[in-house]
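Below you'll find the structure, written out as structure tokens, and then a few comments.
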Amino acid sequence: MKEIDANDTRTEKNQPLSEVLVGRRLRELRTQRGFSLRSLAERSGLNINTLSLVENGKTSPSVSTLQQLALALNVPITAFFESDPQQKNIVFTRADLRPRESFGSAQIHNLGKNFKGSAVQPFIVTLQPGKGSGDHIIVHTGYEFVYCINGSIKYQIENQEFILESEDSLLFEAHLPHCWENTSDTSAKILLVLIPVDEREEPGGRHFSLEAMKKELIMKIAVITDDGKTISQHFGRAPYYMVCTIEEGKIVNREMRAKLGHNHFANQQHEEAHHADHGLDSISHNKHVSMAEAIADCKVLLCGGMGMGAYDSMRRLNIQPFVTDVENIDDAVKAFLDGKLIDHTELLH
């Protein structure tokens, strides 16, 4: 993608070219993964009308909106900046040639264009006075490093507030709910480095805090079960999901949904005959995707036991799995909402 000057580069319909390109790229990524606008809206927590406006270049997404979409699509945030990138092991970026985009209140310079993988995502972010990460609290995996180049930036992390001024820095675990804002009367500039954690290496026990979940008016939690009351010990064999709808931290509705199990795939060829990859092969992932179709509107899955392959597949589908030793469904859901449910990843097989 060539460098864009968001101040004077416009399409024929007087739309900033950056908005059109991001919208086009979002549509490409969504259709490549087989998501409808509605399903992407459910996965990302964004309004379907907002997604439509972004895809059609009618509105400029904020940084937090891009992060939500990146998580829902399982792509790095840099995926929205360019199409068909050439992967490189070494990236040298001249100051006057680095890719630049404008999204709402922020101007973003990508310092890692075409870097192989997404282990490190460095940006220079320029914010106008009073502007910041948008209306949504941000939660994502890995770590976030911030270095204030000039101006003043306020970071809110859970219940703590940090004011960064020139040459101040901040490093934190990005699963903690956070947001940021330029509190000065002049433009501010920060170095922002996102460091995602590989899905299979994320430490056990990490979970979203209660404060983050309470930001959502409505969310759904799926639980694998045999009887609708207790949590099943085996993800693959369980015949049902109990889907609990949560409003303001309380269960307001319960719905039993049929679930595909191992018996459904009994006649299909299976690559894990030797069980060497623990269900991490592509055929196993496709089966897990089929099993999860019934809970595409859920953000969390509670279970008493599952394989590493199924656990990995759920995370790739943007469904947060928790392996728990709590047997009662209501007790487990309450513990999750209270931020006390431990993800026993050591029990994965």
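Just so it is clear, none of the values below were taken in a lab; they were calculated from the coordinates. Note that this is a predicted model, so its numbers are computed, not measured. Cβ coordinates were reconstructed from backbone atoms using ideal geometry, including for glycine residues, and neighbour counts include every protein chain displayed.
Which order results if Leu127, Leu348, Leu302 are arranged by neighbouring Cβ count within 10 Å, fewest first?
Leu348, Leu127, Leu302
Hey, rough spin-label estimate for Ala258 and Asp168, points 7 angstrom out along Cα→Cβ, what's it come to in nanometres?
Placing both labels 7 Å along Cα→Cβ, they lie 5.8 nm apart.
Counting other beta carbons within 10 Å of each residue's own, what order do Asp96, Asp325 fall into, fewest first?
With the fewest neighbours first, Asp96, Asp325 line up as Asp96, Asp325.
Is there a pair in Lys88/Lys220; Lys58/Lys113; Lys189/Lys340 whose C-alpha atoms are over 29 Å apart, and which pairs would that be?
Flagged as over cut-off: Lys88/Lys220; Lys189/Lys340.
Given points 7 Å out from each Cα along the Cα-Cβ axis, report the Val289 to Glu158 separation in nanometres with one decimal.
My value for the distance between the label points is 3.7 nm.
Modelled label-to-label distance, Glu28 and Ile195, 7 Å Cα→beta-carbon offset: nm?
Distance between the two pseudo-spin positions: 3.0 nm.
If r is the Cβ-Cβ distance from His349 to Phe92 and R0 is 45 Å, what FRET efficiency results, to the nearest 0.05?
Step by step, r from the Cβ atoms, then E = 0.50.
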